[in-house]
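Remarks on the structure that follows.
Please treat every number below as a calculation from the coordinates, not as lab data. Being a predicted model, the structure only gives us computed values, none of them experimental. Please note: Cβ atoms are built from the backbone with ideal geometry, for glycine as well, and neighbour counts cover all protein chains shown.
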Amino acid sequence: MITELGHFALILAFLVAIVQMIVPLVGAHKRWPGWMAVAEPAATTQFLLTAGSFAALVHAFVTSDFSLSVVTQNSHSAKPLLYKITGTWGNHEGSMLLWVLILTLFGAMAAWFGGGLPPSLRARVLAVQSAVSVAFFAFILFTSNPFSRLAVPPFDGQDLNPLLQDPGLAFHPPFLYLGYVGLSICFSFAVAALIEGRVDAAWGRWVRPWTLASWAFLTIGIGLGSWWAYYELGWGGFWFWDPVENASFMPWLFAAALLHSAIVVEKREALKAWTILLAILAFGFSLIGTFIVRSGLLTSVHAFANDPERGVFILAILVVFTGGALTLFAARAGAMQAKGVFGVVSRESALVANNILLAVSSFVVFVGTMWPLLAEMFLDRKLSVGPPFFNLAFTPFMLVLGLILPLGSMLAWKRGRVAKTARTLAPAFVLALALAGLVWAMQTGRSMMGPIGVFLGAWLVAGAATDLWSKTGRGGSVRRLVRLPRADWGKAIAHGGLGITMLGVAGLTAWESEDIRVAQIGERFEVGAFELELADVSRVEGPNYLSTMAEVVVRQDGEEIVTLYPEKRNYPVAQMPTTEAAIDYRALRDLYVVIGDAQEGGGWVVRTYIKPLANWIWAGCLLMALGGGLSLSDRRFRVAAGAKRATPDAVPAE
């Protein structure tokens with residue numbers, strides 16, 4: 001009964017979305033207040049119905065209702081409760097329902113918190129948002145129905161992919177989707193502005209909080225995914241430039257560019273057309289990511305294996321919305337004339353450089369991701385584009401971005417003075433240079449990656465701290481520092497978080513050491529400054545898996561510091577093995593141990609890694625997200641607060 005109600009609620013939400021797509025748009029065009037007012041209750045109703053449908057699917061997974069095809073294929077009665085719940089979105093159909101739930105949530109939030117928007121703009125934003133919902137409701141109901149029944153339900157299910165039965169990956173998709181799908185509301189604001197022919201400072205204030213929230217959620221989602229790959233897959237890396245990793249990274253880069261570009265629209269009423277274009281591209285690349293994951297076009301450890309028909313449907317959605325928005329942009333962008341004039345040396349120019357670097361680097365990632373497919377289609381050649389290409393092509397953009405970021409963020413608006421800003425930042429630069437020199441002296445004979453990474457990371461952190469302190473004025477004090485707006489704190493923490501992540505990446509890349517050997521039980525061996533002993537290997541039975549667990553004692557300077565328990569698990573239902581690395585997390589390094597297979601001559605394969613500054617990568621991601629959250633909590637960045645200002649300088653469409 002609950003399942004049928006969930007299916008029925010999904011169909012009703014689809015019908016409400018159609019009404020919300022058409023009626024408010026007509027009302028805004030005709031200036032009929034009653035028709036425009038339909039958008040708000042419709043958005044709330046659409047969200048509540050979708051939430052009810054999603055709750056029904058969660059109930060089916062929790063109660064192991066194997067009459068549903070999706071539950072049979074992705075669950076098992078012996079699976080722990082947490083993974084029964086997260087199994088709801090650990091498959092194609094359930095994850096698409098989560099996608100639509102978040103899509104309708106953002107639409108409802110725009111209705112709840114958009115009271116200060118002009119009625120016509122609010123109606124158009126909600127109508128465009130609902131148009132996206134209509135497309136995905138149709139996709140779910142006609143190609144990916146999560147409530148499809150089996151004629152003869154089996155006694156038990158086929159279990160969830162063992163790689164997904166992990167706390168890190170359990171929460172990774174919801175955060176990622178909050179970022180991915182959150183960019184849809186920025187897209188809706190952009191298309192609504194194009195239809196209305198108006199982009200001004202108020203529009204910039206309205207769109208920034210949505211961009212900031214989406215970017216922060218996407219940062220957390222990408223960080224969780226990277227951390228999961230690090231400790232779960234057993235290969236010890238944090239980023240492989242996998243197509244699905246790239247699919248989430250490209251919208252993140254565009255969202256970062258959009259966030260900074262919207263600042264210029266708000267402060268200076270410049271870069272209007274460019275900001276609209278970024279909003280379209282950010283969501284467009286989210287749709288491209290969805291297409292990559294679900295079409296089966298590109299092979300990935302993360303991808304859902306699905307039939308091509310679903311991929312064609314998503315491709316049609318991509319073409320209609322992105323292509324339609326770009327066509328509208330081409331027709332109306334000329335009406336959005338920039339008002340603010342600024343010099344070559346100014347904060348505006350620095351933000352333009354920031355945008356160019358982020359956008360071009362995203363296109364570089366896109367070309368590297370899609371090139372093997374294009375080569376096979378048009379050149380009849382099978383090519384592989386891996387980490388060496390991305391590291392070589394992408395890294396220079398991030399190096400330049402890191403160099404200009406502290407300077408650009410402190411330049412004055414309209415017309416800045418490089419010499420004055422450079423003098424303020426001189427201590428930060430000297431500190432970063434000194435740390436890089438110290439690292440260079442200590443790591444004789446190694447690559448330049450370490451010193452360069454340390455310089456950039458320290459430059460960003462020290463530059464962010466200098467920027468924050470400079471806002472306290474002459475003779476700054478801690479009291480003034482504490483009283484600074486949360487947006488200023490958020491900006492400094494986010495920029496500092498990027499520096500921390502760069503330090504972590506540099507440390508892990510430049511100074512990682514690895515040891516692979518066959519060890520006998522009771523044997524001691526040295527790896528770097530540590531002495532490891534394979535004390536025991538035993539068989540352990542988990543709730544729904546069998547495990548080979550090793551006991552590895554770690555000593556340093558003759559004293560035992562930790563005992564690690566790496567595992568190799570086998571899930572009988574799914575007939576799939578997984579590797580569970582054992583990691584000793586410390587502030588300055590990780591000790592990472594993996595147990596391999598038993599050898600014919602006796603002993604076990606043991607892989608040991610020493611990973612300097614590894615945790616700094618994810619600490620930096622959390623700091624970036626925290627900075628976004630602090631900025632979002634600042635009253636000046638809320639839609640309602642910004643909307644109170646009059647908008648007499650709106651640019652009408654010609």
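Farthest towards the positive end of the charge dipole of the chain, among the residues Ala111, Leu626, Trp371, is the Cα of Ala111, using unit charges on the Cβ of Lys, Arg, Asp and Glu. Subtracting the Cα-Cα distance of Glu560 and Tyr585 from their residue separation scaled by 0.36 nm leaves 7.5 nm. Scattering from the stretch 176-248 was approximated by placing one identical point on each alpha carbon and applying the Debye formula without solvent; log10 I(q)/I(0) at 0.11, 0.22 1/Å stands at -0.40, -0.91. Annotation: extensible slack from Val320 through Ala598 equals 94.6 nm (criterion: 0.36 nm per residue apart, minus Cα-Cα distance). Eigen-decomposition of the gyration tensor built on the alpha-carbon atoms of the chain gives equivalent ellipsoid semi-axes of 42, 36, 20 angstrom, largest listed first.
Using bins of 10 Å that start at zero, the share of Cα-Cα pairs per bin across the stretch 493-581 amounts to 14, 30, 27, 23, 5, in whole %.
With a Förster radius of 41 Å applied to the beta-carbon distance between Ala51 and Asn570, the computed FRET efficiency rounds to 0.65. Here the translational diffusion coefficient of the stretch 1-161 follows from Stokes-Einstein with Rh set to the Kirkwood radius across Cα pairs; for 10 °C and 1.306 mPa s it amounts to 97 µm²/s.
For the stretch 349-423 and the stretch 196-272, what is the separation of their C-alpha centers, rounded to whole Å? Result: 14 Å between the Cα centres. Modelled this way, with points 7 Å down the Cα-to-C-beta line, the labels at Ser69 and Met442 are 5.9 nm from one another.
Annotation: extensible slack from Ala78 through Arg483 equals 140.5 nm (criterion: 0.36 nm per residue apart, minus Cα-Cα distance). Quick one: Cα centre-to-centre distance for the stretch 139-166 and the stretch 510-578, in angstrom? Cα centroid to Cα centroid, the span is 35 Å. Cross-link partners of Lys84 among lysines, defined as those whose alpha carbon lies under 25 angstrom from its own and excluding same-chain residues fewer than eight positions apart: Lys568.
For the stretch 403-512, the percent of C-alpha pairs falling in each 10 Å distance bin, counted from 0 to the bin holding the largest distance, reads 15, 40, 30, 13, 2. Using the reciprocal of the averaged 1/r over all distinct C-alpha pairs, how large is the Kirkwood radius of the stretch 166-402 in Å? That comes to 18.6 Å for the stretch 166-402.
Between Trp32 and Phe142, the simple spin-label model (points 7 angstrom out along Cα→Cβ) gives 2.7 nm. Evaluated at q = 0.22 Å⁻¹, the base-10 log of the normalised Debye intensity for the stretch 313-367, with identical point scatterers placed on the Cα atoms, takes the values -1.01. Dividing the helix sum by the residues of the chain, where each DSSP H run of 4 or more adds -39500 (n - 2.57), gives a mean residue ellipticity at 222 nm of -21500 deg cm²/dmol. Cα-Cα over 27 Å: which of Lys414/Lys471; Lys420/Lys491; Lys491/Lys611; Lys267/Lys420; Lys471/Lys611; Lys272/Lys491? Over 27 Å apart, Cα to Cα: Lys491/Lys611; Lys471/Lys611.
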